[in-house]
Amino acid sequence: MIELFYWTSANAQKVLIFLEETGVEFKLTPLNVGKGEQYAPDFVRISPNSRLPTIIDHAPRISGEPVPIFESGAILLYLAEKYGSHLSADPLIRLETLQWLIWQVAGLGPIGGQVVHFRNYAPEPIDYALKRYGAEHDRLLAVLDRRLQGRDFIAGDYSIADMACFPWIFAHARRDQIDLDAVPDLKRWFLAIRDRPAVQRAYQTMFDFTGSPVVKNHGMMSEDERRILFGAHAVK
């Protein structure tokens with residue numbers, strides 16, 4: 001059984017999509033990051049960076065004891081290899097899948113996160129940051145759009161690369177902060193994945209468990225939430 005520690009972040013949504021797509025038995029353990037629950041000593045022991053998602057595999061094949069795994073890319077790769085699902089056995093397609101998985105983890109996610117932050121959570125507009133991160137995000141979207149020309153999915157069949165990228169497009173689309181018409185192949189891919197039953201279940205499960213799909217912005221957050229999420233909150 002897989003225990004998923006999560007909150008409503010795009011990175012956590014990647015893992016929940018995989019679990020729903022494969023029908024793996026799992027348990028959800030929400031941690032409210034706005035309250036700083038990710039800094040609790042018991043959680044830091046299994047997730048040293050105090051970030052979500054993190055999983056514990058309570059029935060691993062590589063150990064006689066439960067195995068914790070942190071970082072969404074590592075989690076997806078671990079689960080794909082354990083269950084033999086959504087990662088091609090063909091060496092070349094596998095290589096392509098891993099390249100695009102790491103592209104998301106190293107590029108699309110971090111840049112997309114900065115765009116979301118400076119557009120929605122910064123206490124005042126910072127023109128340089130909006131232009132800098134906005135331009136790089138647009139470039140990355142164009143890269144993915146080109147990759148999807150003539151393809152249904154990013155690398156071979158539907159894979160962990162698609163599961164990794166989709167939530168970061170969704171994070172902007174649900175705020176109406178992305179022009180999908182400017183990236184038509186990406187739009188086609190996005191809509192097809194959005195309509196997958198397992199993806200629908202994953203988002204509904206997450207929102208049901210945490211209470212609401214409401215998109216917060218700076219004005220909706222308390223000072224404590226802003227300090228914990230965006231301040232230099234050191235792990236003691």
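Can you go through Arg94, Arg119, Arg139 and tell me which one is of a type in the set (D, E, K, R) and at pLDDT below 95?
Numbers: Arg94 fails: at pLDDT below 95; Arg139 fails: at pLDDT below 95.
Going through Arg94, Arg119, Arg139 in turn, the sole match is Arg119.
How many residues are part of a loop (DSSP other than H, G, I, E, B) and modelled with pLDDT of 95 or more if we restrict to the stretch 1-23?
Matching residues across the stretch 1-23 total 2.
Can you confirm whether the stretch 57-71 contains a residue that is in contact (Cβ under 8 Å) with a residue 40 or more places away in the chain, within 18 Å of the chain's Cα centre (by Cα) and either buried (at least 17 other Cβ atoms within 10 Å of the Cβ) or not assigned by TED's automatic domain parsing to the domain that holds Arg151 (or both)?
To start, the set of residues in the stretch 57-71 that are in contact (Cβ under 8 Å) with a residue 40 or more places away in the chain comprises 57-59.
Then drop every residue that is not within 18 Å of the chain's Cα centre (by Cα), which leaves none.
Looking for residues that are in contact (Cβ under 8 Å) with a residue 40 or more places away in the chain, within 18 Å of the chain's Cα centre (by Cα) and either buried (at least 17 other Cβ atoms within 10 Å of the Cβ) or not assigned by TED's automatic domain parsing to the domain that holds Arg151 (or both), one finds none in the stretch 57-71, hence no.
Which pairs do you get when a residue that is touching a residue at least 40 places away in the same chain (Cβ under 8 Å) and surrounded by fewer than 15 Cβ atoms within 10 Å (Cβ to Cβ), found in the stretch 133-159, comes within reach of a residue that is of a type in the set (A, V, I, L, M) and part of a loop (DSSP other than H, G, I, E, B), reach meaning Cβ atoms under 7 angstrom, with the pair 6+ apart or on two chains?
As it stands, the answer is Ala142/Val183, since those pairs meet every condition given.
Of the numbered conditions (1) over 16 Å from the mean Cα position of the chain (by Cα); (2) closer than 22 Å to Pro167 by Cβ, Ala74 satisfies every one except a single condition; which is it?
It is condition (1) that Ala74 fails.
Among Ser85, Ser47, Ser63, which is assigned to a loop (DSSP other than H, G, I, E, B), among the hydroxyl-bearing types (Ser, Thr, Tyr) and touching an Asp or Glu at 6+ places or on another chain (Cβ under 8 Å)?
Details: Ser47 fails: touching an Asp or Glu at 6+ places or on another chain (Cβ under 8 Å); Ser63 fails: touching an Asp or Glu at 6+ places or on another chain (Cβ under 8 Å).
Sole residue among the options that is assigned to a loop (DSSP other than H, G, I, E, B), among the hydroxyl-bearing types (Ser, Thr, Tyr) and touching an Asp or Glu at 6+ places or on another chain (Cβ under 8 Å): Ser85.
Restricting the stretch 1-28 to residues that are over 13 Å from Ile55 (Cβ atoms) and either over 13 Å from the mean Cα position of the chain (by Cα) or charged (D, E, K, R) (or both), which is surrounded by the fewest Cβ atoms within 10 Å (Cβ to Cβ)?
That would be Gly23.
The values are calculated or read from the model by the stated rules, or taken from the named source; none is laboratory data. In this text the structure is predicted, and so the values were computed from the model without any measurement. Positions of Cβ are generated from backbone atoms using ideal geometry, with glycine treated the same way; all protein chains shown enter the neighbour counts.
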